[in-house]
Amino acid sequence: MSEAITNPVPAAARTEVIDRADRLRPSPRRGLGLAAATVAALLVAALLAVVIGSVAIPPGAVLALVLERLTGLRSAVAYPPAYATILFDIRLPRVTLMALTGAALAAAGASYQGLFRNPLADPYLVGVAAGAGLGATLALVFNLPSTFVGLSAVPISAFVGALLTVGLVVLSARVGGSMPISTTLLAGVAIGSFASAFTTFIMLRSPDGLRRSFNWMLGGYAGGGWDPVLIILPYLVVGMAAVQLNARALNVLQLDEEQARQLGINVDRVKLVLVVAATLMTAAVVAFGGLIGFVGLIVPHSLRLLGGPDYRRLIPLSAIGGAAFLILADLVARTVVAPQELPVGVVTAIAGAPFFVFLLRRLKRSVF
Amino acid sequence: MLRQPRHWMMTFALAACLVLAGCASPATVALTGTPVPPATVTAPAATQAAPAATAAAPVTATTAASTSTAAPTATLPPPTATTAATTAASGPITLTDSLGRVVTLAAPAQHVVTLAPSNTEILYALGAGSVLAGRDDFSDYPPEVTQVPSIGNESPHVNAEAIVALHPDLVLAAGITSPDDVAQLAKLGLTVYATSNAANLDDIYKDIQAVGVLVGKMDAASKLVASMQDQVAAVKAKTASVTTHPVVYYELDATDPSKPWTAGPGSFVDQLITLSGGTNAGDIAKDQYAQISLEQLVSQNPDIIVLGSATFGGQTPAMVAARPGWQSIKAVKNNMVFAFDDNLVSRPGPRIIVGLEKLAALIHPELFK
Amino acid sequence: MSSLELISLAAGYGPRPILRDVSLSVAGGEVLALAGPNGAGKSTLIRVISGVLPATAGQARLDGADLLRLPAGQRARRVAVVPQMIHLPDAYTVGEIVLMGRSPHLGLWSGESRHDCEVAWGAMRATHVEELSERRVGELSGGEQQRVVLARALAQEPQVLLLDEPTAHLDLKHQVGVLELVRGLAQERNLIVLMTLHDLNQAALYADRVALLQQGQIVAQGSANDVFRSELLSRVYGVPVTVSRHPLRDVPVVLPDGK
């Protein structure tokens, strides 16, 4: 048992030492401020997205209808029945799904940036996008039938495709018990490229499949009511929990791997858990929402700039911020050229390009 | 507060429990609600002979389901005779659409949203343009259609909100509408009928008949189909006796002039060219929608080039003449390159006959003035 | 009395053996300098003791316990390393980096407690970086960064402190500063200190004992006076050297012949 000899300090000065020692912990006030602001942003975004749409439903009507559903109290004004359908069967599920998708992509993006120690890492890095695209395209082109649970084949196929591809990447990259980061990256690029090439080939064989597959990849809300939300939720909860549990280890991992091992971190297990958790979350939301880009990059970087690099805070903040961001992006996508809807990925990309320029200029002061 | 991982963990766990409990609780059940119930069939056996296609067709009309006898399927009366069917202005309607879905309406539709230009044109050709409440962005014929509200186009997904807001009693999806979109709209309580992914003229006739039933214009539908068949027969009669079958190259897309896209064997354009007494240069391809290399095209040496690519690609005969390597083609040398409205042959609706006649006039101008 | 004993330790990368039959013993409060030419295996030995590289033969015992069989977390509570190449992630503060040294003492579910912060603070005071606690490590000089890493190592509350070329990349003032600091800490906290050094004269001045490593084997160990002999050093390093006396201290001074 080691003897921790602290310098003997007189009692009066001891409080001063303790106070200063406490300052080592992340400042609660600063942390709280940012957390509150992010949560507020999410609530405002959700509110706006529910109220605004290609069909104008006044906020009063929204409140009245929600109250009516929850409490059974009929409102004084009789609103057109279309309002209720739009609100409860289209808009609320849509906003919720966008929130979950944004949360998953941002949290997974932050994890990958930490795991690969690379600011350009995004949730699609190790083959999720390519695998999901292949799965979805196969389902669309070969018209795989609807399965039980009333789900169409596309989300299931996309999900399975993503998991299989990442599984293949991880297996290829494992050397002994460990998964070297550079090897994983290369395997991800190689296997991902193969899957993408195969996808393109299949797409070109069928013009109808080409159009539908392209639509799928553009990403966005594909309908389905509350089912996608309920299906995605468990994956999100489990994935976020696993990532958050390993957030402190992820901090230590930012030193090189050897130092992390010398500090007692089980580096191989942490890497595997993070890859699996992030992949599960990403695959689940991509299955229903297509390939929405930039969320996993913009949101974690912005929050890192504002709140520091500590992953214990960055992961949850990214989730909340990602939810808000994607809700807003989807709102823009469905209102700016109504009744035509833009693909959400286009809106996030338009937001992303200037962001990157901004980030490059800010990197003078390194934030990683 | 919330500094320690365990605090975050507990917060997550709590949130997860709340969500899961909420999902199970009546509150959320009430919040998610049930979709508006679809327009149901109320009754009973109408004995009118709803005009129907032959049993093998994807569209089968049956009388209302409450009868215990097997649904009688009347065959389509021969085109020259008028049907004895009543112009059913009332009474329940049940059809099976091209996706195999059973579609029921209490009465002929009065408020229709179309998701493709072909169905829009069918409605107007049946004289039912007044029931159109909403249309997709690509619908542009007849010109007055642009006054009807648009619900966007279907890329990347159909705009369910806009459609629901128009509260249609019928949504006419088309073969190009994704089945997932159809399912989504049905789930919202809308009545959706999907016309077929027409592969030939017979499919189009069946779709027209089906739309006729749905909007209560069966007479007009039969007349329209009859007149279309007459026109086709007329073209066939004239081309029956031709001795030459000019090679025709129909261009769909020429973004890459060394490998343009053309209509392959079995496609609509291919069928129309054959009906017009021509030979499709694209029939050496393997798919209905295929690329043909310039070399193959040169060896086919088409007599006539029809630029469907004029509509969506802005190609002109002058541009074709300027393409490197194209000058040796007969059609280019003889100035037999024509711009063409691709919409006439790509929309499986009544105007396909117009497209046929125009193609025939290009291929055998001596027969068709 | 705590002690670290290496008994016939052997290790290598793949088929190539780097260390063969290394036996050493270091006591608590003692500083052992490990010297030898490039490629002799000094860094490899650090890696083996810290558990990053598995040993192919032999044992390492800390107070009798088998160090090499311990799970990584428990080993990290006993052995701390200050590596040669210090790559710190720029955006973290000094405080956050030093607190990382408490990792081996924290479970999966817990964050840093008040006690952890006190230990970290004590470590920062010991290496005189407490004033820098809020600064981002990317903004610090090389010497400051090294003291931060040393503080992190001390925050682990180890029994054994391993340093790999602690004076590389530092100017003279900071070299002396680090060496004096390490020697002081070894005595204050009864640490077992093993450090690799290129500079033989620094080894002579600041280490209690020296071990000379050549091609993976210990060719001599003992006090500097005993180990630094000109024929031995000339043979081991392959250049002629002459050994003289430090004018102020009772330690040898090694100088190249210069011919």
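A short reminder: the numbers here are calculations on the coordinates, not readings from a lab. This structure is a prediction, so every number in the text was calculated from the model and none was measured. Here the Cβ positions follow ideal geometry from the backbone for every residue, glycine too, while neighbour counts run over all protein chains shown.
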**Fill in**
So the angle from the long Cα axis of helix A:344-362 to the longest Cα principal axis of chain A, reported in degrees to the nearest 10, equals 30 degrees
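Two-decimal Rg/Rh of region C:111-230 from alpha-carbon positions, Kirkwood Rh?
Working: Rg = 16.0 Å, Rh = 15.7 Å.
My calculation of the ratio gives 1.02.
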**Computed [θ] at 222 nm, deg cm²/dmol, chain C (DSSP H ≥ 4; -39,500 (n - 2.57); rounded to nearest 500)** = -9500 deg cm²/dmol
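How high is the relative contact order of region B:242-369, given as a whole-number percent (alpha carbon pairs under 8 Å, six or more residues apart)?
About 26 percent, as a whole number.
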**Request:** Calculate for chain A the 222 nm mean residue ellipticity that helices alone would give, adding -39,500 (n - 2.57) per DSSP H run of length 4 or more and normalising by residue count, nearest 500 deg cm²/dmol.
**Result:** -23500 deg cm²/dmol
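How much of the DSSP bridge set in the protein assembly as shown is antiparallel, in percent, rounded to the nearest 5?
Rounded to the nearest five, the antiparallel share is 50 percent.
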**Prompt:** Near A:LEU314, within a Cβ-to-Cβ distance under 12 Å, what is the net charge of the other residues, with Lys and Arg +1 and Asp and Glu -1?
**Reply:** +3
**Message:** Quick check on chain C: what are the equivalent-ellipsoid semi-axes from the Cα gyration tensor, as sqrt(5λ), descending, whole Å?
**Reply:** 31, 23, 16
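Tell me, B:LYS187, C:LYS173, B:LYS206 in order of fewest to most beta-carbon neighbours within 10 Å? Before the final figure, lay out the partial values.
Numbers: B:LYS187 17, C:LYS173 9, B:LYS206 22.
Result, fewest neighbours first: C:LYS173, B:LYS187, B:LYS206.
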**Request:** Report, to two decimal places, the Cα Rg of region A:2-363 normalised by 2.2 N^0.38 Å (N = number of residues).
**Result:** 1.11
**Asked** Using a Gaussian network for chain C with springs between C-alpha atoms less than 10 Å apart, which of these wobbles most: C:LEU132, C:LEU34, C:LEU191?
**Response** C:LEU132
**Complete:** Here the net charge surrounding A:ARG334, from other residues whose Cβ is less than 10 Å away from its Cβ (Lys, Arg +1; Asp, Glu -1), is -1
**Asked** Considering the zone a paramagnetic label at C:SER8 would reach in this model (a point 7 Å from Cα along the Cα-to-Cβ line), which residues of region C:37-60 have amide N under 16 Å from it?
**Response** C:55-60
**Request:** Specify the angular offset, from 0 to 90 degrees and rounded to the nearest 10, of the alpha carbon long axis of helix A:181-205 from the longest principal axis of the alpha carbons in chain A.
**Result:** 10 degrees
**Prompt:** Roughly what would the spin-label model give for C:SER113 and A:LEU144, points 7 Å off Cα along C-beta, in nm?
**Reply:** 5.1 nm
**Complete:** Over its alpha-carbon atoms, region B:240-367 yields an Rg and a Dmax in Å of 13.2, 38
**Asked** When we measure straight from the Cα of B:LYS223, which aspartates and glutamates land under 18 angstrom away, once same-chain ones fewer than 8 places off are left out?
**Response** B:GLU121, B:ASP202, B:ASP203, B:ASP207
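In chain A, which longest range has no trypsin sites (Lys or Arg not before Pro) that are both DSSP loop (not H, G, I, E or B) and surrounded by at most 14 other Cβ atoms within 10 Å? Intermediate results must be reported in sequence, preceding the final value.
Values: sites that count: A:ARG23, A:ARG74, A:LYS364, A:ARG365.
Between the exposed loop sites, the longest stretch runs A:75-363.
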**Request:** Could you list B:SER227, B:SER309 in order of exposure, starting from the residue whose Cβ has the fewest other Cβ atoms within 10 Å?
**Result:** B:SER227, B:SER309
**Request:** Let me have the relative contact order for chain A, percent, based on Cα pairs under 8 Å that are six or more residues apart.
**Result:** 27 percent
**Request:** Please express the Cα-Cα pair-distance distribution P(r) of region A:74-156 as a list of whole percents, one per 5 Å bin, running from 0 to the bin with the greatest distance.
**Result:** 3, 12, 11, 13, 16, 15, 11, 8, 5, 4, 2, 0
**Fill in**
Assertion target for A:PHE325, A:PHE294, B:PHE368, A:PHE198, ordered by fewest C-beta neighbours within 10 angstrom first, is A:PHE198, B:PHE368, A:PHE294, A:PHE325
**Helix A:153-173 axis, angle to chain A major axis (alpha carbon atoms, nearest 10°)** = 30 degrees
**Message:** Looking at region C:22-175, I'd like the Rg to Rh ratio, where Rg is from alpha-carbon atoms and Rh is Kirkwood's inverse mean 1/r.
**Reply:** 0.97
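Per residue of B:250-259, how many C-beta atoms from partner chains lie within 10 Å of its own C-beta, taken as a mean?
Partner-chain Cβ atoms within 10 Å, mean over residues of B:250-259: 0.
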**Fill in**
Simple SL model, points at 7 angstrom along Cα→Cβ for B:ALA233 and C:ARG69; separation in nm is 9.9 nm
**Asked** Applying 1/(1 + (r/R0)^6) with R0 = 56 Å to the Cβ-Cβ distance of C:HIS169 and A:LEU34, what FRET efficiency is obtained, to the nearest 0.05?
**Response** 0.95
**Asked** In vacuo Debye scattering of region A:210-368, one point per C-alpha: log10 I(q)/I(0) at q = 0.12, 0.20 Å⁻¹?
**Response** -0.63, -1.36
**Prompt:** When chain A is modelled as a GNM with alpha-carbon springs shorter than 10 Å, which of A:LEU263, A:LEU236, A:LEU250 fluctuates the most?
**Reply:** A:LEU263
**Asked** How many percent of the alpha carbon pairs in the protein assembly as shown exceed a separation of 41 Å?
**Response** 55 percent
**Request:** Quick one: go through region A:68-87 and flag any residue whose amide nitrogen is under 18 Å from the point 7 Å out along the Cα-to-Cβ line of B:HIS167.
**Result:** A:75-87
**Fill in**
At R0 = 51 Å the Cβ-Cβ FRET efficiency linking C:GLU134 and A:ALA197, nearest 0.05, sits at 0.50
**Request:** List the relative contact order of chain C as a percent without decimals, with contacts defined as Cα pairs under 8 Å and 6+ residues apart.
**Result:** 25 percent
**Message:** Looking only at region B:240-367, where both bridge partners belong to it, what percent of the DSSP beta bridges are antiparallel (to the nearest 5)?
**Reply:** 35 percent
